[in-house]
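Structure first, then comments.
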Amino acid sequence: MRRARTLLLYARSVPAGLLRSLSDTIISRLHLSTSRLPDSIRRSRYAMWLEGYSSLSYVNDWRDAFAGSPRLSADLCNINDLLDMPRFMRRIRDYDLVVVLHSAAGDSMRQVRRATAALDSRRGPLVVFFGNEYAGMTEKIGFARDVGAEFIASQLPIESARWLYAACNPARVLASPAALNPTVYKTAEGPRTIDIGFRGVLYANPFALGDEERTGLLRFFVEGARSWDLVTDINFERYAAAEWAAFLNRCRGVVGAESGTYYLERDDATRRAVIEYVGQHPNATFDEVFELFFARYSNPVSGKAISSRHFEPVGTKTCQILLEGDYNGILQADRDYISLSKDYSNIDDVVRRFRDDGYRSELVDHALEHVLAEHTYTHRVNRVLDEVL
């Protein structure tokens, strides 16, 4: 079978101007890595230039799954690389398929936008994976329209995604939620000394999302842990993939909620208004912001979705306590995770079941079997390729 020649456009780090591009161009040629640095330096703010997106493991998991597909002959192009990007754009017509990945079209559209003319001259279909589908949507939708993307692969529930990208017709919207990378997230030998763990960072401009579900949940567990006799280790920092997998293997459980927002918008109008208001009123509370901007919001379209953070604990057999939600219809309440009601009214039952070793073991075994059967990144890439090739 002939493998499709494919160009994968990704970003090693946030596409954010000349300084970032210069650093990426140099780093990629010198093969520099944070793994070679002592811990004292690796955790400093200066190491961010080497780390890039290494702590956003899902963007690398998607990239690696595409690059490793036996159905493709793939070339990788870092859009921040000042030498590689022009070279690949000159050869755009060599490719049967062009894929713009989340890292290239998530935090900033600046760099990939510069490739609009070249992408227009492609001969094969274009698939765009947008990251952060709750922010910057005017620019993202505009990009998809301007380059005439044939396919938009979305992490959102499919009906929400179709609503969000309706203006991109005739582009087809594909359901492409997060998944599991089982080569990184797997069980390891050793004791699990932490009952409930968490590592992660808060959303930028969190009030603009319209809810504080995850933050409130973490606060609830920090405050209640002693009364439930649970050992917690909850910190707001982001780990690279290997470090995150090792941490999960030290935890019996983690807590979480669906990612994204209940208030999807195509034009970011409310998001911009909230950010402006909070900038002018730095002491504003979430309740104040919610009452002003969201309490009477008309006919909201939910963008709440499953994320990679819900699959990674599955791979390490770490039990999840998650706020009730749909999770793209993939994870089932009380079969793949312990469901906590949004008002926390069933917390006593949740803690009782979590402390039952037999119940917890059966639950994590079922979740892993289910996910390995249908929800790895290899599965996701194959489904996308079934649609686009």
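Descriptive notes on the structure:
- Rounded tilt (10° steps) of 18-30 against the dominant C-alpha axis of the chain: 90 degrees
- Coarse-grained scattering of the chain at q = 0.08, 0.11, 0.12, 0.14 Å⁻¹, given as base-10 log I(q)/I(0) from a Debye sum over alpha-carbon atoms: -0.44, -0.85, -1.01, -1.36
- From the alpha carbon centroid of the range 127-194 to that of the range 228-272 is 18 Å.
- Whole-number percent relative contact order across the range 194-374, with pairs defined as alpha carbons under 8 Å at least 6 apart: 23 percent
- For the chain, DSSP calls about 5 percent of its internal beta bridges antiparallel.
- Value of relative contact order over the chain, rounded to a whole percent, pairs C-alpha under 8 Å and six or more apart: 16 percent
- Full extension of the chain between residue 201 and residue 281 yields a length gain of 26.5 nm, computed as 0.36 nm times the residue separation minus the alpha carbon distance.
- Enclosing the Cα atoms of the range 112-161 in their convex hull gives a volume equal to 76 cubic angstrom per residue.
- Sorted peptide list for 80-93, 172-185, criterion being average Cβ within 10 angstrom, highest first: 172-185, 80-93
- Cα long-axis angle, helix 213-224 against the chain (0 to 90 degrees, to the nearest 10): 30 degrees
- Tilt relative to the chain, helix 357-374 - C-alpha long axis, 0 to 90 degrees, to 10: 20 degrees
- Scaling against 2.2 N^0.38 Å puts the C-alpha radius of gyration of the range 194-374 at 1.09.
- For the range 149-228, the Kirkwood estimate of hydrodynamic radius, built from reciprocal distances between every pair of different alpha carbons, is 16.9 Å.
- When each of the peptides 149-160, 285-296 is scored by the mean number of other C-beta atoms lying within 10 Å of its residues, the order from highest to lowest reads 149-160, 285-296.
- log10 of Debye I(q)/I(0), alpha-carbon scatterers only, for the range 4-176 at 0.14, 0.16 Å⁻¹: -0.74, -0.95
- Each of the peptides 269-282, 103-116, 60-73, 365-378 was scored by the mean count of other Cβ atoms within 10 Å over its residues; in descending order, highest first, they stand as 103-116, 60-73, 365-378, 269-282.
Every read-out reported here was derived from the displayed coordinates using simple, explicitly stated rules and does not represent laboratory data. All values reported here derive from a predicted model rather than from experimental measurement. FYI the Cβ positions are ideal-geometry reconstructions off the backbone, even for glycines, and counts take in every protein chain you see.
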